[in-house]
Structures are given as C-alpha cells and as structure tokens.
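The values are calculated or read from the model by the stated rules, or taken from the named source; none is laboratory data. Source: prediction; values computed, not measured. Because the Cβ atoms are built from the backbone with ideal geometry, glycine has one as well, and the counts that use them run over all protein chains shown. What goes into the accessible areas is simple: the full protein's heavy atoms, side chains included, and nothing from ligands, DNA or RNA. Shrake-Rupley method; radii C 1.70, N 1.55, O 1.52, S 1.80 Å.
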Amino acid sequence: MARFLIHGGRKLFGELNITAAKNAYLPILAACVLCDDKIVLHNYPYYSDTESMCKILECLGANINKEGFDLVVDPSTISSWNIESELASQVRSSIFMLGPILGRFKKARVAYPGGCEIGARPIDIHLAGFRKLGVKVSERHGYIYCDASQMSAGQIVLDFPSVGATESLMMASVFLKGETQILNPAREPEIVDLQNFLIKLGAKVSGAGTGKIIIRGVERLTGGDYDPIKDRIVAGTYIIATAMCGGDVTFKGVKAEHLASLIDKLDKTACKIYAKGDKIRVQADGKPLSLGKIETSVYPGLPTDLQAQILALQTISKGSSMVCENVFESRFKHVPELVKMGADVHIKDRVAFVRGVDKLYGASVSGMELRGTASLILAGLVAEGYTTVSGSKHVDRGYHQIEKELSVLGADIERVED
Ligand code: UD1
C-alpha cells in the first residue's frame, strides 16, 4: 500500500472544484438496479468505493461504460439477485443493493457487508424495515436471504434515522402498490439527492429531508441522466485543512447550507468563511481558537464523517476542547497516531479531551480507516518536518487523489509507492 510523504508548514491558496459525493453516488448506483433503461451519471468520482460498487453492478449483470467523467449504466441485462461475500466485504454500501434487488426480483441473497473499521455497524434497522413491509428475512452462514413475494406498502418507523436503512427502504418501496411511509428517516442531503434521482426516473417520492418520506408505487422506472451533488465531507476536510494551515482558498460546487454545522463552528474561531451560491471561501491566518465542546450527530448536526478532521484541528488550537462521538462507537483510531505527532488527547469512552499544543511534529503514522487517515494527512500538513502517513487504500475510498488536490493548493505532499 502506498504512503503519503508530507513536508508540513505550507499555507494553502487557490480554488478547488469539489468532486461528486461518494455517499450520494453509492445509493444512486444501487438504485440503477431498479431500472431497465440506460442511465447516464455525470461527474463520476473515481473513489475506490464507487469503483467497487460499479463492480458489484457488473457482477449482477449490468453493462457499465466510462466516457470521461460520465458513467453510462445499462441495467437491462441485470439477471442476478445474489451478492457473494468476496464483493460485499469490499464495500459496506453493498447493503444498499438489498432494497433495489428486492424491488426488482422480489428475492435476494446478499452477503454481510464490509467497510470501514469504525464500529459494529449492524443492519438490524434495515432488516426490521423490510420485515415491516412483509419481507421474510433469514440470516445463515454470513448471508442474508430475503423472500419479498409478499412485500407490500406500509408504514415503517425507524428506531434511529439510519442513512443506509432510509435509502434501502426508499428503493425497495418504489414499485409497491399504494403508499409507503418512512417515519423518523435520516435527513442528510444525500437522501434528498437519492429522492431527486428516483423522481428523475419516474418514481413518486416526496418528503426526503423532513421527518416523513412518502413513496407511492409506480409500475416502472425509465432511464435518464443525473448529476449527483458534490461531496460535503471532502469540502469539509479541505475547509478544516485551510483553517489549520492558514491561507485563502475557495471551494466550488458544494452548498454551504450542507455544511452549516461546520461553518457555524469554524467561522471566526478558526478562520473566516464567506459563502455565496455554491462557493465557499476560507481565509485563515494565525492560530485557531478551540471550539469548546463539539458533538457529532445526525444531519443537520455536525457529521461524524468530519469528527476526525475536526479533532486534528483541535490539537493545534488555542485552549481545550471536548470532542464527543455520538454516532459510531469506535471512531477514535486516529488518536494514538496524533499523539505520536505531539498531540495532547485523552479518550474516555466516546469523548476525546484535547489540549491544544503549540506544534505537531512530523512522524511516521498509520491510518486505519477513511476519515481517520484524512485527519492524519491534515496533521502532517501543519507538523514541523516530514510526516509519512500509511493507509492510502483507506483514504482512496472517499477522496480522488487527495495528494493532487492538496498539492494544487500549495501543500507539499506526494504519494510514495512501497
Ligand atoms: C452513512 C455514510 C457514512 C456516515 C454515516 C453516518 C454512506 C455510504 N455512508 O453510513 O459515511 O458516517 O451514514 O452519517 O452513506 N445502525 C444500527 N443498525 C442499522 C443501521 C445503523 O445500529 O441497521 C447504527 C450504526 O451502527 C451507527 C448509526 O446507526 O452507529 C449510524 O449508521 P447509519 O446512519 O446507518 O450509517 P451508514 O448508512 O452505514
């Protein structure tokens, strides 16, 4: 696996177009299973997770062609309702396939999903939702077997607003006669984007982004083209990087309202942020101030996918802070590595207590999961001397050539093959 070699201390300047959102693209790719006609998805992001999802679609029988940054999916040839464990273990989002496979074939055999090492990540909420719609679900030898021959529209109340469960159930219900309601759904912008995509193909879905999603069954979906939203987590990562390094950077493509929880916290404490239309300008000079108590939560709260990067920022901010991780139970694996670089952080259960230090120092550190590895890269950008960060395969899951994007802004970072 490659490593990143970073020489810290450079400020960041310039403009950057943000790539399409991994978490919007993955369910949209899964939703292609529901369709028989050609679909063209614009601005395809070359993340390893989206590549894995394309591989799963191909294994189900779809034909996929990449034409520049357009992804052309022909799902008419899909004939399989089976996802083997080798594929499912590569990407947790394979579980998103369950809903659309049930919608299309009324049966499925899907291996348990893989994904980031950030906690147990059960799928009980997904399965409880399917059962509520009349699906017979059994679990044997690492596989989930579903018989949806009796599946019918109904009302589902989610115990927790799980992003994946909301998306799976939306997709599974598209062809059910009558009205399906999902109460207490996740409200993330990527859910709204999935709704918009499904509507573009002819589905009748409303309410995404609110406390009730309503799906009225249609007979079939037609093909079409779609441009998924840009990645608020990638943008957030680079906004935090600018706040840490200092400089003046404009990020293009992401709606500031999708990052309101981050911008509200950082603006005037860590940097100045000006947002207009789909542009976010960040100006940073001098030492950031501590953000005090920070808690991750479901949207519109502070995303758990930005926790590790915010924690890296706190390690060099003036004062003390508390970072509470409320969404996943095991998301502080980057902390011992930050400590190797001179950070002062103590973990108790789901809370990290951080005392800002004057400086971080270059070290050889290991990333263990996607966002944690990104946070170590940010730490390397401000550390004195050289830092090497291993774990490129994790960061490639959700950033397209992170070293190139940061280099464009003036960072001294390169990918070194082992
Ligand atoms: C999605 C995002 C991920 C993000 C997360 C939370 C994608 C591809 N991934 O993941 O980047 O970090 O939302 O914003 O969109 N849970 C259960 N049972 C379930 C489902 C979830 O207990 O059946 C728990 C999880 O263990 C976790 C919490 O609910 O503690 C949130 O999970 P969920 O919202 O489902 O996240 P994902 O869809 O996996």
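Looking at the stretch 43-67 only, could you name the residues that are assigned to a loop (DSSP other than H, G, I, E, B) and open to solvent by 50 Å² or more (accessible area, probe 1.4 Å)? Answer for the stretch 43-67, where residues must be assigned to a loop (DSSP other than H, G, I, E, B) and open to solvent by 50 Å² or more (accessible area, probe 1.4 Å): N43, Y46. Among strands (runs of 3 or more DSSP E) entirely within the stretch 333-418, having at least 1 residues that are of a type in the set (D, E) singles out 344-348, 412-416. Please determine whether any residue of the stretch 255-272 is of a type in the set (V, I, T) and outside the structural domain of L406 (by TED's automatic domain parsing). Yes. For the stretch 175-206, residues that are away from the ligand (no atom under 16 Å from the Cβ) and assigned to a loop (DSSP other than H, G, I, E, B) total 7.
A260 meets the stated requirement of being assigned to a helix (DSSP H, G or I) and either within 16 Å of the ligand (Cβ to nearest atom) or at pLDDT below 95 (or both). Summed over the stretch 129-162, the residues that are assigned to a strand (DSSP E or B), open to solvent by 90 Å² or more (accessible area, probe 1.4 Å) and within 16 Å of the ligand (Cβ to nearest atom) give a count of 2. Look at (1) in contact with a Cys (Cβ under 7 Å, 6 or more places away or on another chain); (2) of a type outside the set (D, E, K, R); (3) surrounded by fewer than 24 Cβ atoms within 10 Å (Cβ to Cβ) and you find that V335 fails only one, number (1). In summary, K136 fulfils each of the numbered conditions (1) at positive phi; (2) touching a residue at least 12 places away in the same chain (Cβ under 8 Å); (3) not polar (S, T, N, Q) with the single exception of condition (1). Screening G99 with (1) within 26 Å of V218 (Cβ to Cβ); (2) within 16 Å of the ligand (Cβ to nearest atom); (3) in a loop (DSSP other than H, G, I, E, B) gives one miss only, at (3). Can you say whether R220 is on the phi < 0 side of the Ramachandran plot, touching a residue at least 60 places away in the same chain (Cβ under 8 Å), open to solvent by 50 Å² or more (accessible area, probe 1.4 Å) and within 21 Å of the chain's Cα centre (by Cα), as far as the supplied structure shows? When the stated conditions are applied, R220 does not pass them. The listed residues are E337, E369, E329, and the only one of them that is more than 20 Å from I239 (Cβ to Cβ), at pLDDT below 95 and touching a helix residue (DSSP H, G or I) at 6+ places or on another chain (Cβ under 8 Å) turns out to be E369. Considering R109, R220, the condition of being in a strand (DSSP E or B) and among the charged types (D, E, K, R) is satisfied by R109 alone.
Of the residues making up the stretch 286-308, those that are under 18 Å from G380 (Cα atoms) and in contact with a Gly (Cβ under 7 Å, 6 or more places away or on another chain) are L306, A308.
Kindly check whether there is at least one residue in the stretch 76-86 that is within 15 Å of the ligand (Cβ to nearest atom), within 21 Å of A31 (Cβ to Cβ) and open to solvent by 10 Å² or more (accessible area, probe 1.4 Å). Within the stretch 76-86 (the criterion being within 15 Å of the ligand (Cβ to nearest atom), within 21 Å of A31 (Cβ to Cβ) and open to solvent by 10 Å² or more (accessible area, probe 1.4 Å)), the answer is no, since none of the residues qualifies.
In the stretch 223-237, which residue that is assigned to a loop (DSSP other than H, G, I, E, B) and open to solvent by 30 Å² or more (accessible area, probe 1.4 Å) is nearest to G372 (Cα to Cα)?
I229
Can you pull out the residues in the stretch 11-42 that are within 15 Å of the ligand (Cβ to nearest atom) and either among the charged types (D, E, K, R) or surrounded by fewer than 23 Cβ atoms within 10 Å (Cβ to Cβ) (or both)? K22, the sole residue that qualifies.
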